[in-house]
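As structure tokens, the structure follows; a few thoughts come after it.
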Protein chains: 2
Amino acid sequence: MFVKMGLASWNLQIDRATKVFDAFSDEELYTPVAPGKNRIIYLYGHLATYHDALKETLGLGKWDKPQYAAIFLQNPDNVEADLPSVAELKTYWQTVHAELNELFVNLPAADWFKRHNAMTDEDFEKDPLRNRLSVVLSRANHVAYHIGQIKLVKTS
Amino acid sequence: MFVKMGLASWNLQIDRATKVFDAFSDEELYTPVAPGKNRIIYLYGHLATYHDALKETLGLGKWDKPQYAAIFLQNPDNVEADLPSVAELKTYWQTVHAELNELFVNLPAADWFKRHNAMTDEDFEKDPLRNRLSVVLSRANHVAYHIGQIKLVKTS
């Protein structure tokens with residue numbers, strides 16, 4: 001039951017983000033969310049890459065495109081950066097979230113309450129609330145954080 | 001355990017928001033998050049009022065200041081609006097979240113999975129995932145959504 005609730009919270013944010021990104025034309029995706037701030041396309045790649053990495057964080061799969069980490073995770077947006085095309089990012093977004101969905105629906109409920117790979121056994125003993133499901137809840141909040149920024153951009 | 005995880009997610013966002021708001025001077029709180037968008041102080045009142053109303057939504061308590069709904073929930077920010085002072089909003093923020101915390105820690109685990117007041121018995125039968133705890137998860141995402149916007153404002 002709680003796993004279903006946690007996944008519902010995740011899915012709600014991903015569905016919402018998908019709709020928000022899809023509402024922009026390819027050109028509009030290059031708009032910054034506010035003057036001098038990240039462009040929408042950067043946040044598109046940022047969330048997709050972070051969620052690609054999530055498979056490894058949860059110990060459930062492999063990171064498809066670790067080469068994107070330098071562009072979308074380790075560095076802020078930069079107009080000089082050689083970004084993947086919008087078409088590539090759209091495919092990437094869909095693939096990553098389809099993979100995660102497949103992994104999530106097939107994970108036995110008990111496994112959600114196990115330690116994830118970003119923490120040690122010792123830390124987990126001290127704080128068993130920081131399990132796989134709590135990582136997904138935290139990532140859902142992270143998606144909402146960036147949707148809030150993107151929603152500041154007016155679409156015509 | 002599930003309840004603790006959900007509340008941890010909520011508390012994390014509230015603690016983060018509290019720190020974010022407290023980092024601004026009284027004057028800085030009147031800065032819009034982006035040109036022509038809501039001012040930080042509006043979002044301060046917006047979240048506090050929404051969470052004040054949450055006590056009634058959850059069927060756990062009474063709304064302290066329903067008179068704030070017109071300013072902070074039913075209308076967007078407006079420089080002509082007669083906002084409460086920063087000092088009043090700080091007290092309100094602290095009071096509302098202290099009250100919620102008190103209610104949350106004392107609610108028996110089973111009661112978290114009961115219907116909340118914003119839905120009918122019929123709807124709840126169809127979708128028991130939409131219980132009190134799921135409302136709190138959703139409100140945590142809503143907090144993250146606005147923190148993302150506020151973090152666009154540079155502090156000196």
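The values are calculated or read from the model by the stated rules, or taken from the named source; none is laboratory data. These numbers come from a predicted model, not from an experiment. Cβ atoms come from the backbone with ideal geometry, glycine included; neighbour counts cover every protein chain shown. Only protein heavy atoms, including side chains, enter the accessible area calculation; ligands, DNA and RNA are left aside. Shrake-Rupley method; radii C 1.70, N 1.55, O 1.52, S 1.80 Å.
So what's the angle, to the nearest 10 degrees on a 0 to 90 scale, between helix B:132-150 and the longest Cα principal axis of chain B?
20
In whole Hz, what ³J(HN,Hα) sequence does region A:30-35 give by Karplus (6.51, -1.76, 1.60; θ = phi - 60°), x for Gly and Pro?
Result, ordered by residue: 8, 7, x, 5, 7, x Hz.
Where the label is 7 Å out from Cα toward Cβ, how close does A:Gly59 come to the same position in every other copy, in nm, shortest first?
For A:Gly59, the inter-copy label distances come out at 3.9 nm.
Give me the percent of accessible area attributable to carbon and sulfur for region B:1-155, probe 1.4 angstrom.
Accessible surface attributable to carbon and sulfur in region B:1-155 totals 51 percent.
Please give the calculated 222 nm ellipticity per residue for chain A, where each DSSP H segment of at least 4 residues contributes -39500 (n - 2.57) and the sum is spread over every residue; nearest 500 deg cm²/dmol?
Only helices count here, giving -18500 deg cm²/dmol.
Going from most exposed to least, what order do A:Trp93, A:Trp63 have by accessible area with a 1.4 Å probe?
Largest accessible area first, the list is A:Trp63, A:Trp93.
List, shortest first and in nm to one decimal, how far the label point of A:Lys114 (7 Å from Cα along Cα→Cβ) is from its counterparts in the other copies.
3.6
Counting other Cβ atoms within 10 Å, which trypsin sites (Lys or Arg not before Pro) in region B:4-109 have at most 13 and lie in a DSSP loop?
Sparse-neighbourhood loop trypsin sites (Lys or Arg not before Pro): B:Lys62.
Can you pull out the trypsin sites (Lys or Arg not before Pro) in region B:98-148 that DSSP calls coil and that have at most 16 other Cβ atoms within 10 Å?
B:Lys114
Is the shape of region B:1-75 best called rounded, prolate or oblate, per the rule: a/c under 1.5 gives rounded, else a/b larger than b/c gives prolate, else oblate, with a ≥ b ≥ c the square roots of the Cα gyration tensor eigenvalues?
Oblate, since a/c reaches 1.5 and b/c is not below a/b.
Averaged over B:146-153, how many beta carbons belonging to a partner chain fall within 10 Å of each residue's beta carbon?
6
Over the C-alpha atoms of the protein assembly as shown, what are the Rg and the largest Cα-to-Cα span, Dmax, in Å?
Looking at the protein assembly as shown, its Cα Rg and Dmax stand at 20.1, 56 Å.
Given the C-alpha atoms of region A:47-156, compute the convex hull and give its volume per residue in Å³.
Once divided by residue count, the hull of region A:47-156 is 134 Å³.
Enter the buried accessible area of the A/B pair, total of both sides, probe 1.4 Å, in Å² rounded to the nearest 100.
The summed interface area works out to 2500 Å².
Can you give me the accessible area per residue for region A:54-156, using a 1.4 Å probe, in Å²?
53
A:Glu88 label points, 7 Å along Cα→Cβ, one per copy: pairwise distances from this copy to the rest in nm, shortest first?
5.4
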